Amino acid sequence: MNIINVFTVGAILGLLISGGAAFYYYRKRNLEKFFNQIYEEVKKVPKQKKNSFLLLMFKESLSASINKSNTNSFANKLQNRKYLDFQLAQMSNILKDSSKVQDKLIKRSLNLLKDYQTWEKARISKDTKVAQDKAS
């Protein structure tokens, strides 16, 4: 193998690795921003409906991103009390027995919910650590 081929392969591998790192950074940053927005919205929801509301939020955001629809329709849906109650009841049933779920969108929403709960625990522990450091 001559030196030009080695440099070409090295350049392609370098571009792939840097592209993968950039994609990971971009995705992580957007997910962090999304989780922060969700965290602020969840403060308005009663504790007993928190997980159902989170699952609904993730489901609706994923369906909006797939359909490329505007976010105003989602906001209008949330203003409809009957729709919201029905969806929260449905999400509660899904959370009680998630093994029966076959819809890919709901499965992805459940994965996002699990990731969010992990992120939320880390954030709460970080916030308490900062508060303890300020106190001492």
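The values are calculated or read from the model by the stated rules, or taken from the named source; none is laboratory data. Just so we're clear, the structure is a prediction, and the values are computed from it rather than from any experiment. A quick note on method: Cβ atoms are made from the backbone with ideal geometry, for glycine too, and the neighbour counts reach across all protein chains shown.
The table for this structure:
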{"read-out": "Filter result (aliphatic (A, V, I, L, M) and more than 27 Å from F58 (Cβ to Cβ)) within the stretch 7-35", "value": "V9, A11, I12, L13, L15, L16, I17"}
{"read-out": "The stretch 2-31 residues that are over 30 Å from Y116 (Cβ atoms), paired with ones that are modelled with pLDDT under 95 (beta carbon under 9 Å, 6 or more apart)", "value": "V9/M1"}
{"read-out": "Cβ pairs under 7 Å, 6+ apart, first in the stretch 113-136 and at negative phi, second of a type in the set (A, V, I, L, M)", "value": "L113/L54; L113/L55; Y116/I38; Y116/L54"}
{"read-out": "Qualifying residue in the stretch 74-92 (condition: touching a Ser or Thr at 6+ places or on another chain (Cβ under 6 Å), under 23 Å from K114 (Cα atoms), assigned by TED's automatic domain parsing to the domain that holds R108 and of a type in the set (F, W, Y))", "value": "no"}
{"read-out": "Single residue of L88, L84, L31 found to be of a type in the set (A, V, I, L, M, F, W, C), at negative phi and within 13 Å of the chain's Cα centre (by Cα)", "value": "L31"}
{"read-out": "Qualifying residue in the stretch 39-62 (condition: of a type in the set (S, T, Y), within 16 Å of the chain's Cα centre (by Cα) and at pLDDT below 80)", "value": "no"}
